[in-house]
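S.K.: One structure coming up, written as C-alpha cells, with questions to follow.
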Amino acid sequence: MPYSPAPARRSLLKLIAAGPAVSAVGGLAAAAPAHAVTVPAPAAPATTAAAAPGIVKALPAEYFTVRGTNAEARFDAFADTGLLTPAERFFVRNHTSTPVLDAADWRLTVWGDGLHGRSPVHFTYGQLRDLPSVTRTALIECAGNGRSLYTSQQGEPVTGTSWTLGAVGAARWRGVRLSDVLRRAGIAHDAVDVQPRGLDDPYVSGGVDYGRVRRPLPVAKALDDVILAYEMNGEPLPYDHGYPVRLVVPNWVGIASIKWLGDIEVSTRPLGSPWTTDWYRLFGAAHPAGGSAPISRQTLKSAYQLPFGATLESGRVHRLTGRAWSALAPVRTVEVSTDGGAHWRHARLLDTPRRGGWVRWTVPWRPHTTGPVTLLSRTTDTAGNTQPERAVHNTQGYLFNAVVRHPITVV
Ligand code: MTE
C-alpha cells in the first residue's frame with residue numbers, strides 16, 4: 001500500500017503577503033517544544049510581496065527575471081558574487097508554490113518493500129540534526145538551463161520555461177548523508193531504487209494531476225554522494241530552497257534535488273514517475289522513438305557575466321569575466337573568441353577547478369572597431385568533454401551545452 005504523506009503544518013503564502021503575519025510565520029517555525037532541539041528557521045523575507053506567484057523571497061529586478069512560477073537569476077549579475085551564490089540571489093524553480101513548513105512538526109518517512117522491516121521508519125528534524133553532518137559545495141542546475149538558446153541560436157522549437165543561462169547556482173550545503181539515513185532505516189540488499197517526494201502541492205497541468213513532485217534515483221547514486229541538506233551557505237535553508245530539508249544530488253539535473261522532502265520510498269523494483277516518463281528524458285529526431293532513458297547527469301557550459309546586447313566602448317581595455325562548469329569532470333580550460341569564432345585564446349582561470357563546482361575566468365579585450373560583435377566562450381573539462389558548436393536538439397530543450405553566441409555592440 002503506497003504511503004501517503006501527511007503534510008507538515010503549513011502557513012499559506014497569503015499570510016506572508018498579509019505583512020504582519022510574516023513575523024508570525026518566522027515565530028511559528030522557531031517555536032520548538034521544550035523537549036525538542038532548537039529549530040532554526042529562515043529569516044522572514046525583507047519585503048512583503050514576491051513578484052512571482054508562490055515564491056516567498058524578494059525578487060529584485062536587478063537580480064531576477066520572473067518566469068511563471070519560477071525566478072531566473074541574472075547571469076550577468078553574478079559578476080559581483082564569489083564562488084558561492086548567495087541564497088537571496090539563487091534561482092527558484094517551483095512546479096507549484098513554496099510551502100512554508102514548520103521544522104518542529106516536520107518528519108521524514110522512509111518506507112517501501114526495500115526496507116528489511118517493511119514498516120515505515122520516521123525521522124524528526126531533531127533526529128536528522130543528531131546524525132553526523134557533512135558539508136559540501138555543489139551546483140544545482142535545472143535540466144532546462146539555456147533552453148531558450150535552442151530557439152534563439154539554433155532556430156529549433158522547444159517547450160518549457162524559457163531559461164537563458166541563470167537557472168544555476170552554487171552553494172555550500174550542510175546536512176546528512178542519504179546513505180546514513182537509508183542504512184538506519186534498514187535498506188535491504190535487493191533494493192534498486194529510492195524515490196524522494198516533496199511536500200509542496202501536487203502538480204496539476206492541462207487538467208491532469210501528476211501528484212507530488214518526485215523522481216526515482218538508483219540506489220548506487222543514493223548511497224554515493226547525495227545529502228539531505230538543512231543548511232545553505234551556513235544558514236537554515238530558505239523557504240524557497242526547501243526548508244526544512246531538501247535533497248542535494250551533486251552533478252545531476254536539478255529535478256533530482258527534491259525540495260521540502262517529505263518521504264522516500266525504497267523499492268526492490270525500478271520506480272517511475274511522470275518526472276522520468278513524461279519529462280526529463282530526451283525526445284526528438286536524434287533520440288530513440290519513445291524517448292531516451294531518463295536523464296541524470298548535467299552537462300558543461302560557460303558564459304560571460306555580461307548582459308546580452310551590452311555596449312562596450314572601443315579603444316579601451318575591458319576585463320571580460322565569466323564562469324565555466326562541467327558536471328562530468330573538473331574544468332580544464334576556457335577559450336574565448338571576440339570575433340565570432342575566427343580566433344580563439346585562453347582565458348585565465350581564477351579558481352582551482354573542482355568536480356561539481358564552477359570556475360570564474362577573465363580575459364582582457366580592447367576592441368578597435370565599432371559595431372555588433374559576437375563573443376564566444378568554450379570550456380573543456382579534464383575528461384576531454386568540450387562544448388560543441390550546436391547542441392543536439394530535444395523537444396523539451398534539456399541539456400543545452402553548445403558554445404553560447406553572446407551578442408554585444410562596440411560603440
Ligand atoms: N522539489 C520539489 N518538491 N518541487 C519542485 O518544484 N523543482 C525541482 C527541484 N526540486 C522542485 C523540487 C527543479 S526542476 C529544480 S531545477 C530544483 O529543485 C531547483 O532548486 P531551487 O529552486 O532551490 O533552485
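S.K.: Quick check on region 137-160: of everything there that is touching a strand residue (DSSP E or B) at 6+ places or on another chain (Cβ under 7 Å) and farther than 21 Å from residue 88 by Cβ, which residue is nearest to the ligand (Cβ to nearest atom)?
M.R.: 146
S.K.: I want to confirm something. Restricting to region 308-354 and keeping residues that are of a type in the set (D, E, K, R) and assigned to a loop (DSSP other than H, G, I, E, B), which single residue is surrounded by the most Cβ atoms within 10 Å (Cβ to Cβ)?
M.R.: 351
S.K.: Given the conditions (1) within 13 Å of the ligand (Cβ to nearest atom); (2) in contact with a helix residue (DSSP H, G or I) (Cβ under 9 Å, 6 or more places away or on another chain), report the number of the one that residue 212 does not fulfil.
M.R.: For residue 212, the exception is condition (2).
S.K.: Hey, another quick one. Can you tell me which residue in region 93-115 is nearest to residue 262 (Cα to Cα), limited to those that are crowded, with 21+ Cβ neighbours inside 10 Å and more than 15 Å from the ligand (Cβ to nearest atom)?
M.R.: Looking at residues that are crowded, with 21+ Cβ neighbours inside 10 Å and more than 15 Å from the ligand (Cβ to nearest atom), I get 110.
S.K.: Return the residue satisfying two criteria in turn: it lies in region 166-207 and is under 17 Å from residue 138 (Cα atoms) and among the hydrophobic types (A, V, I, L, M, F, W, C), and of such residues it is nearest to the ligand (Cβ to nearest atom).
M.R.: Taking region 166-207 and keeping what is under 17 Å from residue 138 (Cα atoms), we get 166-178.
Now narrow it down to the ones that are among the hydrophobic types (A, V, I, L, M, F, W, C): 167-168, 170-171, 173, 176, 178.
Details: 167: 6, 168: 9, 170: 11, 171: 9, 173: 11, 176: 18, 178: 15 Å.
Per the criteria, the residue is 167.
S.K.: Something else: Out of all the residues in region 390-403, which are within 19 Å of residue 306 (Cα to Cα) and either at pLDDT below 95 or over 20 Å from the mean Cα position of the chain (by Cα) (or both)?
M.R.: Answer for region 390-403, where residues must be within 19 Å of residue 306 (Cα to Cα) and either at pLDDT below 95 or over 20 Å from the mean Cα position of the chain (by Cα) (or both): just 403.
S.K.: Testing residue 266 on (1) crowded, with 21+ Cβ neighbours inside 10 Å; (2) under 26 Å from residue 78 (Cβ atoms); (3) more than 16 Å from the ligand (Cβ to nearest atom), one condition comes back false. Which one is that?
M.R.: Looking at each condition in turn, residue 266 falls short on (2).
S.K.: In region 253-307, how many are in contact with a strand residue (DSSP E or B) (Cβ under 6 Å, 6 or more places away or on another chain), of a type outside the set (Val, Ile, Thr) and in a loop (DSSP other than H, G, I, E, B)?
M.R.: Selection size over region 253-307: 9.
S.K.: Quick one: would you say residue 71 is more than 14 Å from the ligand (Cβ to nearest atom), touching a Phe, Trp or Tyr at 6+ places or on another chain (Cβ under 6 Å) and modelled with pLDDT of 95 or more? Break it down stepwise before answering.
M.R.: Details: more than 14 Å from the ligand (Cβ to nearest atom): no; touching a Phe, Trp or Tyr at 6+ places or on another chain (Cβ under 6 Å): yes; modelled with pLDDT of 95 or more: yes.
When the stated conditions are applied, residue 71 does not pass them.
S.K.: Ok, one more. When you go through (1) in a strand (DSSP E or B); (2) touching a Phe, Trp or Tyr at 6+ places or on another chain (Cβ under 7 Å) one by one for residue 96, which number turns out not to apply?
M.R.: (1)
S.K.: Now, a different point. Which condition from (1) farther than 30 Å from residue 117 by Cα; (2) within 12 Å of the ligand (Cβ to nearest atom); (3) not charged (D, E, K, R) is the one that residue 248 breaks?
M.R.: Checking residue 248 against (1) farther than 30 Å from residue 117 by Cα; (2) within 12 Å of the ligand (Cβ to nearest atom); (3) not charged (D, E, K, R), the one that fails is (1).
S.K.: So which residues in region 62-90 are without any contact (Cβ under 8 Å) to a residue 40 or more places away in the chain and either touching a Pro at 6+ places or on another chain (Cβ under 7 Å) or basic (Lys, Arg) (or both)?
M.R.: Of everything in region 62-90, just one residue is without any contact (Cβ under 8 Å) to a residue 40 or more places away in the chain and either touching a Pro at 6+ places or on another chain (Cβ under 7 Å) or basic (Lys, Arg) (or both), namely 69.
The values are calculated or read from the model by the stated rules, or taken from the named source; none is laboratory data. From a predicted model like this one, the values you see are computed outputs, not experimental measurements. Cβ atoms come from the backbone with ideal geometry, glycine included; neighbour counts cover every protein chain shown.
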